[in-house]
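A short worksheet on the structure shown next.
The values are calculated or read from the model by the stated rules, or taken from the named source; none is laboratory data. Remember, predicted model here, so these are calculated numbers, not experimental data. Glycine gets a Cβ as well: all are built from the backbone with ideal geometry, and neighbour counts include every protein chain shown. Surface areas here come from the heavy atoms of the whole protein model, side chains and all, with no ligands, DNA or RNA. Shrake-Rupley method; radii C 1.70, N 1.55, O 1.52, S 1.80 Å.
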Amino acid sequence: AQSVSQHNHHVILSEAASLELGCNYSYGGTVNLFWYVQYPGQHLQLLLKYFSGDPLVKGIKGFEAEFIKSKFSFNLRKPSVQWSDTAEYFCAVKRNSGGYQKVTFGTGTKLQVIP
Amino acid sequence: KAGVTQTPRYLIKTRGQQVTLSCSPISGHRSVSWYQQTPGQGLQFLFEYFSETQRNKGNFPGRFSGRQFSNSRSEMNVSTLELGDSALYLCASSFLGLHGYTFGSGTRLTVV
């Protein structure tokens, strides 16, 4: 079973629309959470990360994500998207497994922003 | 600071051949992870190396192997290539495996 779920595979929005991409995981215990972005033709880049503390995390380019422990979720949000946000977004979860840190990525959500 | 460097960028191989991909992490990063990215399966974890030791391994057959050298550079080898091995292979490095990972641009492998 998929342990990190990104339910939206493809999202199309108009510029200035608000964005929320879902990410759910199925691990108990302590986790570290990440969102990565891959712009067309470019390599994966870290957008933001959550390790501890304030569950509302602010990242680059106006993105933020909220860790809701009770819902095992770490949804990515942006109040107003731009055409340049067109990219594929990956959620990732790092947790302890057998004494080591393991990172699992979701399958990604392709965001297309229409001018 | 130079980023994560993967070579070669593109590779075309025929079924049954073997291939070796290389990854040079960011200077000072000792953790190197390998991922396979395909349109259908997304990002799948292959393995992670730290200080020349494999720490984690994903669910890939034994045809996929890797190693890490004392300078933290890593290589990934795939033997007896199959058509389904066509993918973008990504390397990511991290400082002690903590915090986020920095990805390279990948090696696009096409098996014909």
So for chain A, considering every pair of alpha-carbon atoms, how many percent are separated by more than 18 Å? 47 percent
Taking accessible area as the heavy-atom solvent-accessible surface of the protein chains with a 1.4 Å probe, which residues of the stretch B:56-71 lose no less than 30 Å² upon going from the isolated chain to the full protein assembly? B:Asn56
Just counting partner chain Cβ atoms within 10 Å, what average do the residues of peptide B:21-33 show around their Cβ? 0
In nm, spacing of pseudo-spin labels at A:Ser70 and B:Ser51 (7 Å Cα→C-beta vector): 4.2 nm
For the stretch A:23-74 and the stretch B:66-112, distance of Cα centres in Å: 23 Å
Just checking the output field for A:42-54: average partner chain Cβ neighbours within 10 Å of each residue's Cβ? 3
Using a simple charge model, +1 on the beta-carbon of Lys and Arg, -1 on the beta-carbon of Asp and Glu, nothing else, what dipole does the protein assembly as shown show about its Cα centre, in debye to the nearest 20? 420 debye
Under the Karplus relation 6.51 cos²θ - 1.76 cosθ + 1.60, θ = phi - 60°, what is the ordered set of whole-Hz ³J(HN,Hα) values for the stretch A:34-44, x standing for Gly and Pro? 9, 10, 10, 10, 10, 6, x, x, 10, 8, 4
Rounded to the nearest 10 Å², the accessible area of A:Lys61 using a 1.4 Å probe with every protein chain kept is 110 Å²
Cβ-based net charge around B:Leu81, under 10 Å, with every Lys or Arg adding one and every Asp or Glu removing one: +1
Using a 1.4 angstrom probe on the protein heavy atoms only, line up A:Tyr27, B:Tyr10 by accessible area, largest first. B:Tyr10, A:Tyr27
Would you tally the net charge around A:Thr104, using a Cβ to Cβ cut-off of less than 11 Å, leaving A:Thr104 out, and scoring K and R as +1, D and E as -1? +3
Heavy-atom accessible surface buried between A and B, both sides counted, 1.4 angstrom probe, nearest 100 Å², is 1500 Å²
May I ask you to derive the FRET efficiency for B:Asn71 and B:Gln41 from their Cβ-Cβ distance with R0 = 22 Å, giving the value to the nearest 0.05? 0.10
Quick one: ranking B:Ile26, A:Ile114 by accessible area, 1.4 Å probe, largest first, what do you get? A:Ile114, B:Ile26
Which Cα, out of B:Ser65, A:Gly22, A:Pro40, lies furthest along the positive dipole direction of the protein assembly as shown (beta carbon charges, K/R +1, D/E -1)? B:Ser65
Surface accessible to a 1.4 Å probe, B:Arg63 within the full protein complex, Å²: 40 Å²
Expressed as a whole-number percentage, the relative contact order of chain B with C-alpha contacts under 8 angstrom and at least six residues apart is 37 percent
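Taking Rh as the Kirkwood radius computed over C-alpha pairs, what is the Stokes-Einstein D of the protein assembly as shown at 37 °C in a medium of viscosity 0.692 mPa s, expressed in µm² per second? Walk me through the numbers before you get to the answer.
Working: Rh = 18.1 Å.
For these conditions, the coefficient is 181 µm²/s.
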In the full protein assembly as shown, how much of A:Tyr25 is accessible to a 1.4 Å probe, in Å² to the nearest 10? 20 Å²
In terms of Cα to Cα distance under 22 Å, which lysines are near enough to A:Lys102, apart from those fewer than 8 places away along the same chain? A:Lys49, A:Lys69, A:Lys71, A:Lys94, B:Lys57
